[in-house]
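Since the structure comes first, as structure tokens, the remarks are kept for the end.
The values are calculated or read from the model by the stated rules, or taken from the named source; none is laboratory data. Just so it is clear, the model here is predicted, and its values are computed rather than measured. Neighbour counts are summed over all protein chains in view; Cβ atoms, including those assigned to glycine, are modelled from backbone coordinates with ideal geometry. Side chains included, ligands, DNA and RNA excluded: accessible areas come from the protein's heavy atoms. Shrake-Rupley method; radii C 1.70, N 1.55, O 1.52, S 1.80 Å.
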Amino acid sequence: RSPSSQDGGGHHLHQKRLPPSIDNISPPPPPKASDALPLPLYLTNAIFFTLFFSVAYYLLYRWRDKIRNSTPLHVVTFPEIAAIISLTASFIYLLGFFGIDFVQSFITRSSHDAWELEGSDNPNFLINKDQRPVTFPPAASIDPIPKLPNPETIITPLASVEDEEIVKSVTEGTLPSYSLETKLGDCKRAVVIRREALQRTTGRSLEGLPIEGFDYDSILGQCCEMPVGYVQIPVGIAGPLSLNGMEYMVPMATTEGCLVASTNRGCKAIYASGGASSVLYADGMTRAPVVRFETAKRASELKLFLEDPDNFDTLSIVFNRSSRFGRLQGIQCAMAGKNLYIRFKCSTGDAMGMNMVSKGVQNVLDFLQADFPDMEVIGISGNYCSDKKPAAVNWIGGRGKSVVCEAIIKEEIIKKVLKTSVASLVELNMLKNLAGSAIAGALGGFNAHASNIVSAIFIATGQDPAQNVESSNCITMMEAVNDGKDLHISVTMPSIEVGTVGGGTQLASQSACLNLLGVKGASRESAGSNSVLLANIVAGSVLAGELSLMAAIAQGQLVKSHMKYNRSSKDLSTVAS
């Protein structure tokens, strides 16, 4: 023994000698599930596959003979007993064979678990259960794998330890975020937990997005999924708008400066001139499914059937079953090869009516399937409706409420309130709204800024903001009247899509704005009159907005007003610091 192998008391110290590298170790291959078979795996498989199908064929053949000879099936011979046993054995084997991958993975995982740590002083030193030492290279000698920087974790204290556990489950993916309301039974608590999980996952704060002061139960299952707060949009009031002998204070939700002030100035000019008048000249929501046939001839046969006046009454009865208020008004068809687009139009009461008309359309399609069994319904909406997209069919044929609103603005009001002249407004309207829009190839956009007013009122009253696309279809007309002294102005809007029930109209803030206009909910006196009045108010507000903006442009005041009302006067350098 060498001196270095003894301690001061003469006792020998036994050291484990380690191989210089892990490459010098060649562990035995892991066992395979097929090692337990008496024959090679491929040969055993072939035998049992052949046995299974042969015995199955033999038993089926024997049972067929017994049925023909009226022999009871439970009376079996020795060969049949042997065949049944062979069938069972081969089935069990094949069942185990198809699970061999699982067995193999289980055995491999178990063999890896055999390694355990030994020797806390040397983290690079491992000994397996067979006492075979293995050393790994020091950690410093291994090139680290680059990792993406993790976002900074944002942790907000929650109300309870239970909430912390739920947030952890959401961030780890074991609890879906969308199911929090159902699991907890508390919508407000679900929002708090979802918001905190989002902050911790993304590493970005949602400070500034309010969470308090909102009724989250009111939106569950109908307005918004997976909420984490709500966005505050200021609501301004323009008015009074004098329309059809009544006065309305119009709520407008917007973040654009000068918009409410400009609309308010237009309302003032209309009021001082005796008010505006509006009329509804069409009312009908549309939905257009697309169906397909084997030939264009068959598609044309359905087109002729649907457009035949003799069939309309029958189709109306089928369509009208879907709702008390939905009433079919007309059917318009268009073909593209062997595809047929069917545009149904119906009244919808005080609802905007998309779901109502869709249910009626489905009833008609089911009815038509009996006489046209070769009709294939491709989609309940084929974009011939057309919803939330600029389309000539809405501009020409209308969709929702079709309204025209007009007023005569006196010369002295134009000079005093609008600071311009009748001739300037007429000329600007012709060159800008008509000729300029035509040069631009506008589709329904022959106006100054109708969508500005429509969007603001839509957001304030709980309408679908995306339907601003077709609801803003508008042509603004201006003409000098009364020997050129006064101005006749009108806006024609063929596709205003509004409702006073359903959707976002039931939310507290939006419901309050509808109540301000006197159109909250469904009308008890006359079905649909509230939504019609809302459409008229939208058109009247657009008239006011068009009048004021055109006057500002004619007088060169557009830039000055926006610099005054649409720009912050705060010292931004001070705010930033």
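Scanning for something under 25 Å from Gln463 (Cβ atoms), touching a residue at least 12 places away in the same chain (Cβ under 8 Å) and not acidic (Asp, Glu), does region 193-208 turn up at least one residue? Taking every residue of region 193-208 in turn, none turns out to be under 25 Å from Gln463 (Cβ atoms), touching a residue at least 12 places away in the same chain (Cβ under 8 Å) and not acidic (Asp, Glu). Of the helices (runs of 4 or more DSSP H) lying entirely inside region 338-439, those carrying at least 2 residues that are touching a Ser or Thr at 6+ places or on another chain (Cβ under 9 Å) and either at pLDDT 95 or above or among the hydroxyl-bearing types (Ser, Thr, Tyr) (or both) are 354-371, 392-397, 411-416. Can you confirm whether region 309-317 contains a residue that is within 31 Å of the chain's Cα centre (by Cα) and modelled with pLDDT of 95 or more? Taking every residue of region 309-317 in turn, none turns out to be within 31 Å of the chain's Cα centre (by Cα) and modelled with pLDDT of 95 or more. If the condition is being surrounded by 17 or more Cβ atoms within 10 Å (Cβ to Cβ), without any contact (Cβ under 8 Å) to a residue 60 or more places away in the chain and within 19 Å of Ala512 (Cβ to Cβ), then region 209-235 contributes Phe214, Tyr216, Tyr230. Just one of the listed residues (Lys388, Lys401) is of a type outside the set (Phe, Trp, Tyr), in contact with a helix residue (DSSP H, G or I) (Cβ under 7 Å, 6 or more places away or on another chain), open to solvent by 80 Å² or more (accessible area, probe 1.4 Å) and under 25 Å from Ala442 (Cα atoms), and it is Lys388. Tell me whether region 506-515 contains one or more residues that are in a helix (DSSP H, G or I), touching a helix residue (DSSP H, G or I) at 6+ places or on another chain (Cβ under 6 Å), at pLDDT 95 or above and under 23 Å from Ala282 (Cα atoms). Within region 506-515, one or more residues are in a helix (DSSP H, G or I), touching a helix residue (DSSP H, G or I) at 6+ places or on another chain (Cβ under 6 Å), at pLDDT 95 or above and under 23 Å from Ala282 (Cα atoms). Filtering region 466-503 to residues that are closer than 22 Å to Gly349 by Cβ, outside any strand (DSSP E or B) and either at pLDDT below 95 or of a type outside the set (S, T, N, Q) (or both) leaves Ala466, Glu470, Glu497, Val498, Gly499, Gly502, Gly503. For region 244-254, the count of residues that are of a type in the set (Val, Ile, Thr) and either under 30 Å from Tyr178 (Cβ atoms) or loosely packed, with under 15 Cβ neighbours inside 10 Å (or both) is zero. Restricted to region 158-182, and to residues there that are over 22 Å from Tyr230 (Cβ atoms) and assigned to a helix (DSSP H, G or I), the residue that is least open to solvent (accessible area, probe 1.4 Å) is Ser169. The set of residues from region 255-268 being small (Gly, Ala, Ser) and surrounded by fewer than 23 Cβ atoms within 10 Å (Cβ to Cβ) comprises Gly257, Ala261. Considering every residue within region 54-65, establish whether at least one is loosely packed, with under 13 Cβ neighbours inside 10 Å, of a type in the set (Lys, Arg) and modelled with pLDDT of 80 or more. Taking every residue of region 54-65 in turn, at least one turns out to be loosely packed, with under 13 Cβ neighbours inside 10 Å, of a type in the set (Lys, Arg) and modelled with pLDDT of 80 or more.
Every condition in (1) outside any loop (DSSP other than H, G, I, E, B); (2) in contact (Cβ under 8 Å) with a residue 12 or more places away in the chain is met by Ala527 except one, and the failing one is (1).
When we screen Ser402, Ser386 for residues that are more than 21 Å from Gly540 (Cβ to Cβ) and of a type in the set (S, T, N, Q), the only hit is Ser386.
Examine region 290-306 for a residue that is of a type in the set (D, E, K, R), more than 20 Å from Gly382 (Cβ to Cβ) and not in a helix (DSSP H, G or I), and state whether such a residue exists. No - not one qualifying residue is present in region 290-306.
Taking the criterion of being within 18 Å of the chain's Cα centre (by Cα) and either of a type in the set (Phe, Trp, Tyr) or not in a loop (DSSP other than H, G, I, E, B) (or both), the only residue of region 189-228 that qualifies is Ile219. Per the listing Ser322, Ser273, the residue uniquely more than 25 Å from Leu517 (Cα to Cα) and among the hydroxyl-bearing types (Ser, Thr, Tyr) is Ser322. Residues in region 501-527 that are surrounded by 18 or more Cβ atoms within 10 Å (Cβ to Cβ) and charged (D, E, K, R): Lys520 alone. So which residues in region 229-257 are within 30 Å of the chain's Cα centre (by Cα), within 16 Å of Val538 (Cβ to Cβ) and in a loop (DSSP other than H, G, I, E, B)? Selection gives Thr254 alone. Got a number for residues in region 410-421 being in contact with a strand residue (DSSP E or B) (Cβ under 8 Å, 6 or more places away or on another chain) and open to solvent by 10 Å² or more (accessible area, probe 1.4 Å)? Going through region 410-421 one residue at a time, the tally reaches 2. Restricting to region 272-293, and then to whatever is closer than 30 Å to Met354 by Cα, over 30 Å from the mean Cα position of the chain (by Cα) and not hydrophobic (A, V, I, L, M, F, W, C), can you tell me which residue is surrounded by the most Cβ atoms within 10 Å (Cβ to Cβ)? In this case the residue turns out to be Ser278. The condition (being in contact with a helix residue (DSSP H, G or I) (Cβ under 8 Å, 6 or more places away or on another chain), touching a residue at least 24 places away in the same chain (Cβ under 8 Å) and open to solvent by less than 50 Å² (accessible area, probe 1.4 Å)) is satisfied by just one residue among Val426, Val498: Val498. In the condition set (1) free of Cβ contacts under 8 Å to residues at least 12 places away in the same chain; (2) closer than 29 Å to Glu427 by Cβ, Asn515 is compliant with all but (2).
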